[in-house]
Amino acid sequence: MNHTILRIAIPTPLYRSFDYLPPASDAADTLQPGSRIRVPFGRRKTIGILLEVAQQSALEPARLKPALEVLDEAPVLSSDILAMTLWASAYYQHPIGDALATALPVLLRRGQAIQGAREPGWRLTQAGSQVDTDTLSRAPRQAMLIHQLRAHPQGAPRSTLEVPAEVLRRLSEKGWIESCSLTDTNADATVIASTPHTLNATQQSAVDAVTASLSEFAAFLLEGVTGSGKTEVYLQIIDTLIAQGRQTLVLVPEIGLTPQLVKRFSSRFGVPLAVLHSGLSDRERLAAWQQARSGKALIVIGTRSAIFTPLARPGLLVVDEEHDSSLKQQEGFRYSARDLAVWRARQLDIPVILGSATPSLESLFNVEHQRYQHLVLPNRTGAASLPAYEILDIRKQPLEHGLGRPLLKRIAHHLDHDGQVLLFLNRRGYAPTLVCHDCGWVAECPRCDARMTWHQREQQLRCHHCGSQRPVATSCPECQSTELRPLGQGTERVDLALAEHFPGVERLRIDRDTTRRKGELARHLEQARSGRARLLLGTQMLAKGHHFPKVTLVGILNADQGLFGTDFRSSERMAQLIVQVAGRAGRHDRAGHVAIQTHHPEHPLLQLLIRQGYPAFARAALAERAAARLPPYSHIALVRAEAARQSVPMAFLEQVRRHCEAAGETGVELWGPIPASMERRAGHFRAQLLLQAARRGDLQQLLGGLVRQLEQMKEARQVRWSVDVDPADMF
Ligand code: ADP
Ligand code: ZN
Ligand code: ZN
């Protein structure tokens with residue numbers, strides 16, 4: 001006898017779906033995959049996603065429980081999102097129920113009804129619309145907000161207002177603005193559109209290439225040097241799509257770091273735009289998601305997880321800064337939003353553009369194999385030219401808090417000539433090490449195999465790996481000497497040194513410590529852009545995508561970290577970082593200079609990078625990868641394990657290795673297990689096993705069977721284990 005069986009994905013760590021009988025009240029034949037269903041699960045109730053309506057179950061029907069309730073008339077997960085998530089769950093070896101939960105906004109996961117969620121917004125009051133904004137010159141953000149709201153008499157969605165909550169609160173206390181809830185009819189963005197640039201020839205041919213294939217799948221790698229006008233290319237293609245009523249999804253690494261990008265999109269077109277980022281409340285996120293799903297938002301901008309946003313009329317996917325490792329989720333469901341974007345575009349039969357000044361070696365490899373079309377913008381727009389590089393050999397040179405004399409001289413020169421200087425050091429805090437000058441004791445983290453960073457202002461030692469912190473002792477715990485000395489430098493220390501060298505020059509330090517509070521980063525970036533702060537110092541926060549028109553000198557304090565990293569991607573990352581930071585210089589009419597301090601001036605990859613540029617570097621780096629058979633010339637996955645006892649993860653992974661070996665001739669090579677390069681972190685010992693295959697399919701086949709074995713192993717319960725396919729980091 002045939003039965004109607006509901007196959008349901010439930011958010012659990014288990015690699016399987018669960019079978020139920022239809023709920024008593026609902027007719028099973030109207031049920032559609034992608035709908036939410038409330039089911040009994042163990043002793044609790046939970047919400048799952050219907051995968052399929054089947055006729056047969058491996059279990060006796062008498063043993064199946066009926067589902068409780070169908071929550072959706074129409075599926076919350078469109079068929080394309082469902083298909084993509086199922087594929088990703090299999091490819092990245094992540095439990096299906098948990099993967100699907102990731103694809104949904106939190107409120108929907110918890111069972112909220114899909115209709116009726118209104119978008120929260122703000123509008124001007126009568127008093128507010130009469131405010132003279134010239135009187136607000138000391139409160140530029142308030143003035144900006146009022147200007148913005150004037151363009152939206154019906155109210156503007158909260159998600160499009162780029163001000164912190166405190167500004168909204170202040171204005172509403174003054175009685176100038178009020179909150180409102182926006183329905184589809186009144187959330188209309190009637191902004192004044194900014195005018196497009198006249199494209200140069202290479203921009204035009206990039207636009208033409210993409211617009212020629214708007215109704216079919218095509219993948220493009222848009223490689224444009226920093227400041228070459230990539231964003232303008234996206235905008236003009238989107239213009240065509242808007243005319244057709246079709247949506248564009250734009251993925252960016254971190255929205256907090258690119259407020260200008262969002263502004264450029266929102267000010268260009270008079271169309272509704274949805275922005276999805278981690279700063280949204282659950283309600284705001286759901287509202288933005290619904291605008292994308294209904295087709296109302298013609299442009300959807302978001303970080304990594306926005307790849308799961310449904311689109312009613314998809315026309316184009318864009319992945320900006322496609323080389324950025326934050327597009328790969330590093331925990332839980334370890335998907336790559338970039339790779340999923342290509343997959344999704346193929347399935348939707350629409351084009352996808354991957355854009356970068358420093359493309360990943362994977363994408364360049366795909367160009368070489370004619371999977372992606374290469375669109376190149378070799379020049380900066382307008383009068384701006386690419387910066388000139390100079391290597392400063394710091395061997396045997398006296399360094400003052402990390403600053404060599406030649407660099408100090410160049411800084412002084414640029415400051416004297418009305419320039420703006422940006423210094424890059426990828427390390428925050430005062431000093432990465434605190435050492436006892438008498439006995440050699442070093443301040444180490446009690447929970448990690450790592451040194452603690454000295455933060456001088458807070459008088460604390462902090463571990464940047466696990467977050468533990470303690471006050472700085474005044475004397476050595478080993479020998480009681482008071483000769484405790486900082487070794488090496490972080491941004492805090494360099495900032496103090498700069499204050500001494502360049503008194504009276506306004507400085508600005510941008511790192512995680514100086515931008516913790518909401519709105520602080522945006523304010524700092526604005527100050528940097530205005531040129532008022534003439535000495536900028538920061539970590540990689542300062543490197544990404546910003547347009548600081550007045551910067552004339554970029555100084556890289558230490559390029560050596562990247563040259564000898566333990567990860568096979570270290571040199572690629574270093575090159576990308578150098579080019580991106582350097583790209584902040586000379587973006588306007590004045591020429592830019594880049595000075596790089598290093599102990600290894602002859603390093604071949606560094607030489608290649610600065611003499612011939614990123615493309616030449618990338619060719620050489622790809623040749624090295626090919627010779628070593630590393631990705632993209634092979635495919636890898638890591639099985640990681642960690643536990644409180646040192647021997648446990650290694651023993652577990654030895655067993656994993658034996659499982660793999662028992663599978664016979666699989667085409668997959670096994671390396672390890674070995675302890676992680678920082679073995680102990682946050683009190684846990686970590687180890688890893690590397691799987692490598694020439695063919696992706698071989699690796700997939702082995703992993704698919706392996707995870708099901710792992711979840712059965714009793715040793716697996718003593719460790720936290722995970723599988724990372726195409727890992728972005730090797731430790
Ligand atoms: P990228 O995204 O490649 O870094 P942008 O799109 O931000 O480059 O462009 C850099 C600057 O050049 C921006 O200020 C932009 O407004 C300007 N720009 C872009 N295209 C043109 C053009 N065709 N003519 C003049 N200016 C342009
Ligand atoms: Zn000591
Ligand atoms: Zn630690």
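Mind checking whether some residue in segment 329-345 is among the β-branched types (Val, Ile, Thr) and either within 16 Å of ligand 3 (Cβ to nearest atom) or surrounded by 22 or more Cβ atoms within 10 Å (Cβ to Cβ) (or both)? Checked segment 329-345: no residue is among the β-branched types (Val, Ile, Thr) and either within 16 Å of ligand 3 (Cβ to nearest atom) or surrounded by 22 or more Cβ atoms within 10 Å (Cβ to Cβ) (or both).
When segment 1-24 is limited to residues that are touching a Gly at 6+ places or on another chain (Cβ under 7 Å) and under 19 Å from Arg334 (Cβ atoms), the one that is surrounded by the most Cβ atoms within 10 Å (Cβ to Cβ) turns out to be Ala9.
Just one of the numbered conditions (1) out of contact with any Asp or Glu (no Cβ under 7 Å at 6 or more places or on another chain); (2) of a type in the set (A, V, I, L, M); (3) open to solvent by 40 Å² or more (accessible area, probe 1.4 Å) is not true of Ile49: (3).
Out of (1) out of contact with any Phe, Trp or Tyr (no Cβ under 9 Å at 6 or more places or on another chain); (2) within 16 Å of ligand 1 (Cβ to nearest atom), what's the single condition that is false for Phe265? Result: Phe265 passes all but (1).
Is it the case that Leu64 is surrounded by 15 or more Cβ atoms within 10 Å (Cβ to Cβ), at pLDDT 90 or above, in contact with a strand residue (DSSP E or B) (Cβ under 9 Å, 6 or more places away or on another chain) and not assigned by TED's automatic domain parsing to the domain that holds Gly332? No, not satisfied. Please count how many residues of segment 421-465 are within 16 Å of ligand 2 (Cβ to nearest atom) and open to solvent by 20 Å² or more (accessible area, probe 1.4 Å). So the count comes out to 10.
Restricting segment 371-388 to residues that are open to solvent by 30 Å² or more (accessible area, probe 1.4 Å) and at pLDDT 95 or above, which is nearest to Leu577 (Cα to Cα)? Only one residue tops the list, namely Val376.
Here the condition is being away from ligand 3 (no atom under 14 Å from the Cβ) and more than 19 Å from Thr539 (Cα to Cα); of Pro471, Pro446, it holds for Pro471 alone. Scanning segment 453-463 for residues that are assigned to a loop (DSSP other than H, G, I, E, B) and either at pLDDT below 95 or among the aromatic types (Phe, Trp, Tyr) (or both) turns up Gln456, Arg457, Glu458, Gln459.
Checking each residue in segment 496-505 for being assigned to a loop (DSSP other than H, G, I, E, B) and of a type in the set (Gly, Ala, Ser) picks out only Gly504. When segment 421-452 is filtered for residues that are outside any loop (DSSP other than H, G, I, E, B) and more than 16 Å from ligand 1 (Cβ to nearest atom), the ones remaining, listed by number, are Val421, Leu423, Phe424, Ala431, Thr433, Leu434, Val435, Cys436, Val442, Glu444, Arg451.
Every residue in segment 506-528 that is part of a loop (DSSP other than H, G, I, E, B) and under 19 Å from Gly279 (Cα atoms), please. Don't jump to the end; show me each part of the working.
Kept after step one, since they are part of a loop (DSSP other than H, G, I, E, B), are these residues of segment 506-528: 506, 511-519.
Selection gives Asp511, Arg512, Asp513, Thr514, Thr515, Arg516, Arg517, Lys518, Gly519.
Tallying residues that are touching a strand residue (DSSP E or B) at 6+ places or on another chain (Cβ under 6 Å) and either in a loop (DSSP other than H, G, I, E, B) or surrounded by 20 or more Cβ atoms within 10 Å (Cβ to Cβ) (or both) within segment 559-577 yields 2. Among the residues of segment 390-411, those that are in a strand (DSSP E or B) and at pLDDT below 90 comprise Leu399, Glu400.
The values are calculated or read from the model by the stated rules, or taken from the named source; none is laboratory data. Values in this document were obtained by computation on a predicted structure and should not be read as measured data. Counting neighbours? That spans all protein chains shown, and the Cβs are built from the backbone with ideal geometry, glycine included. Calculation scope for accessible area: heavy atoms of the full protein, side chains included, ligands and nucleic acids excluded. Shrake-Rupley method; radii C 1.70, N 1.55, O 1.52, S 1.80 Å.
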